[in-house]
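Input: a single structure, listed below in structure tokens.
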Amino acid sequence: MDNSDLLVVTATCSNLRSQQTLDVNLVSREDEAPQAAPQADIIFLVDTSGSMSSELEGVKCSCLDFAERVISSGVDCQMGLVDFDLPFGGNYKWEVFGPMEPRKFSAAISGLSIGRLGGGGCYIGAANTIPVINAFVKAFPRRDRLKIGILISDEVGNEAPAIAQITNILKAGQVCLYVVGVARSCHEKLATATGGQFWDIHQSRGSVNFGNLLDSIAVEITNLALTS
């Protein structure tokens with residue numbers, strides 16, 4: 001203990017004067033103003049193309065477990081979903097399920113199915129995926145909340161100008177992107193550039209449960225929200 005740990009209080013009443021030295025470390029924390037619960041919007045960006053056939057059911061189940069983990073962590077959050085795919089011979093299609101109470105998230109994630117929006121592939125990093133990223137960022141409704149995205153895809157594009165533009169869109173939207181994706185690709189670069197983390201989807205290839213990966217993300221997100 002040094003002098004910085006001590007508080008000298010002097011009080012004067014009429015002709016009486018008293019002085020008391022207090023250790024500030026002993027002041028009750030109950031008198032401090034309560035902190036508001038951390039607030040976050042968490043939106044999944046999910047590849048529903050044919051290449052995800054052996055993974056999607058596991059992703060859906062694990063996303064529901066993820067929601068329960070985030071709820072129990074004490075983070076005041078809403079959860080949303082954007083699934084996307086490329087119709088053969090057309091432009092990308094996507095559907096946005098805006099942020100909702102986590103307990104309502106099951107209806108949105110349970111409705112996902114392979115090929116429902118096309119079947120041609122999901123190559124984030126290619127120029128024609130830029131509209132998908134724009135829609136994804138716009139799905140976050142409030143700038144005053146922590147914005148966390150989770151991309152889940154086993155396919156990737158590799159067009160440097162498009163990757164740079166996608167990075168700028170995510171940064172401008174203040175979206176921290178976590179990725180379960182393709183190693184040594186723009187998936188890793190996007191996660192790093194936005195302050196998120198990356199996990200290799202092929203570590204769970206053939207698995208029916210992505211729980212370990214999404215549980216790791218849940219821990220990261222909880223820590224991020226609680227320290228922001």
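We did not get these values from a lab; they are worked out from the coordinates using the rules stated. What you see is a predicted model; the values in this text were computed from it and never measured. For neighbour counting, all protein chains shown are included, and Cβ atoms are generated from backbone atoms with ideal geometry for every residue, glycine included.
Near ALA172, once Lys and Arg are set to +1 and Asp and Glu to -1 for all other residues with Cβ below 12 Å from its Cβ, the sum equals +4. Taking 0.36 nm per residue of sequence separation and removing the Cα-Cα distance, the ILE71/ARG116 pair yields an extension gain of 13.3 nm. Among the listed pairs LYS104/LYS189; LYS60/LYS138; LYS93/LYS138; LYS60/LYS104; LYS93/LYS147, those whose Cα-Cα separation exceeds 21 Å are LYS104/LYS189; LYS60/LYS138; LYS93/LYS147.
Counting beta carbons within 10 Å around each of VAL132, VAL59, VAL180 and listing the fewest first gives the order VAL132, VAL59, VAL180. Given +1 at the Cβ of Lys and Arg, -1 at the Cβ of Asp and Glu and no other charges, the dipole of the stretch 39-227 around its Cα centre is 440 debye to the nearest 20. Projecting the Cα atoms of SER72, ASN134, THR48 onto the charge dipole of the stretch 46-136, computed from C-beta unit charges around the Cα centre, puts ASN134 farthest toward the positive end.
According to the square roots a ≥ b ≥ c of the eigenvalues of the Cα gyration tensor, what is the shape class of the stretch 75-167, taking rounded for a/c under 1.5, prolate for a/b larger than b/c otherwise, and oblate for the remainder? Judged from the Cα gyration tensor, the stretch 75-167 comes out oblate (a/c at least 1.5, b/c at or above a/b). Each Lys and Arg contributes +1 and each Asp and Glu -1, all at the Cβ; summed about the Cα centre of the stretch 138-207, the dipole is approximately 380 debye. Taking the average, over residues, of other Cβ atoms within 10 Å as the packing measure, peptides 185-194, 136-145 rank 185-194, 136-145 from highest down.
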